[in-house]
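Shown next, in structure tokens, is the structure this report addresses.
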Amino acid sequence: MTQTKLVGIFGGTFDPIHLGHLAVARYVLTHCALDSIKLMPCHLPPHRASPGVNSAERARMVELAISAEPKLQLEPLELSLQQPSYTVNSLTLLKQQDPAAHLCFIIGMDSLQYFRSWHQWQQILTLAHLIVLKRPGYSAQDGDAPALLTQYGISLPELSTQPAGGILLLDNPDFPQSATFVREQLAVNPAVQAMLPPAVLSYIQQHGLYGCAVSAAKV
């Protein structure tokens, strides 16, 4: 019998990718026994301001951050889009590329609380499961979360037995790192450098991103 392939999809601006992102990916990969996780930088996010660093630079930083981890992969699907990136469209294309895989879209509790306002949210659940991480300050008792978990909540084994349509809430540790904090502090607070993978920090310094002085260092 062929074993079901479980593929995580971890979307975001990754502006920049930092150790918190990697900790989330590693935790979900291991805890949920996924075969791989695709990190999918968005080009133009529909629900927030556009990133200050272009998509090619953000993708390159993702590549550098995961270069030694073969189960973490860059998914460039959204990078060339000239319109906002909608999850339902991306998942449709990814499902077409690998119809047998069970896709698992990774979000935080903050996103689950307003998930029913997402573009074609019900269609998303026909294409993938949701894996939801707890986040400090966001409760499963607020917003859309209680109704969604009641209707669609599943257990870990059901990621394999059902092709899509479930919502799995994880009991994960806190991942406190914030890309917003990194962006705001990187040029003025040297301690923030420790929140970045070394190759990503070198790239940022080499290209003078986020207000950092251009460095002669080569990646």
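The values are calculated or read from the model by the stated rules, or taken from the named source; none is laboratory data. These figures come from a predicted structure and were not determined experimentally. Methodologically, a virtual Cβ is constructed for each residue, glycine included, from the backbone with ideal geometry; neighbour enumeration extends over all protein chains shown.
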For region 84-105, pairs from a residue that is touching a residue at least 40 places away in the same chain (Cβ under 8 Å) to a residue that is crowded, with 17+ Cβ neighbours inside 10 Å and among the acidic types (D, E), with Cβ under 7 Å and 6 or more apart or across chains, are S85/E78; S90/E78
Given the conditions (1) of a type outside the set (V, I, T); (2) under 25 Å from V192 (Cα atoms); (3) at pLDDT 95 or above; (4) touching a strand residue (DSSP E or B) at 6+ places or on another chain (Cβ under 9 Å), every one holds for L19 apart from (4)
Note: among V24, V62, V88, just one is in a helix (DSSP H, G or I), farther than 20 Å from L168 by Cβ and among the β-branched types (V, I, T), namely V62
* To do: For I106, state whether it is touching a Gly at 6+ places or on another chain (Cβ under 7 Å), crowded, with 20+ Cβ neighbours inside 10 Å and closer than 25 Å to M195 by Cβ.
  => yes
Filter region 168-182 for residues that are touching a Phe, Trp or Tyr at 6+ places or on another chain (Cβ under 9 Å) and in a loop (DSSP other than H, G, I, E, B); the one that is modelled with the lowest pLDDT is F175
For region 188-213, pairs from a residue that is in contact (Cβ under 8 Å) with a residue 60 or more places away in the chain and outside any helix (DSSP H, G or I) to a residue that is of a type in the set (V, I, T) and crowded, with 19+ Cβ neighbours inside 10 Å, with Cβ under 9 Å and 6 or more apart or across chains, are L196/I17; L196/V182; L196/I204; P197/I17; P197/I66
Counted residues in region 146-163 being over 18 Å from G108 (Cα atoms) and surrounded by 13 or more Cβ atoms within 10 Å (Cβ to Cβ) come to 4
With respect to A147, is the statement that it is modelled with pLDDT of 95 or more and under 21 Å from the mean Cα position of the chain (by Cα) true? no
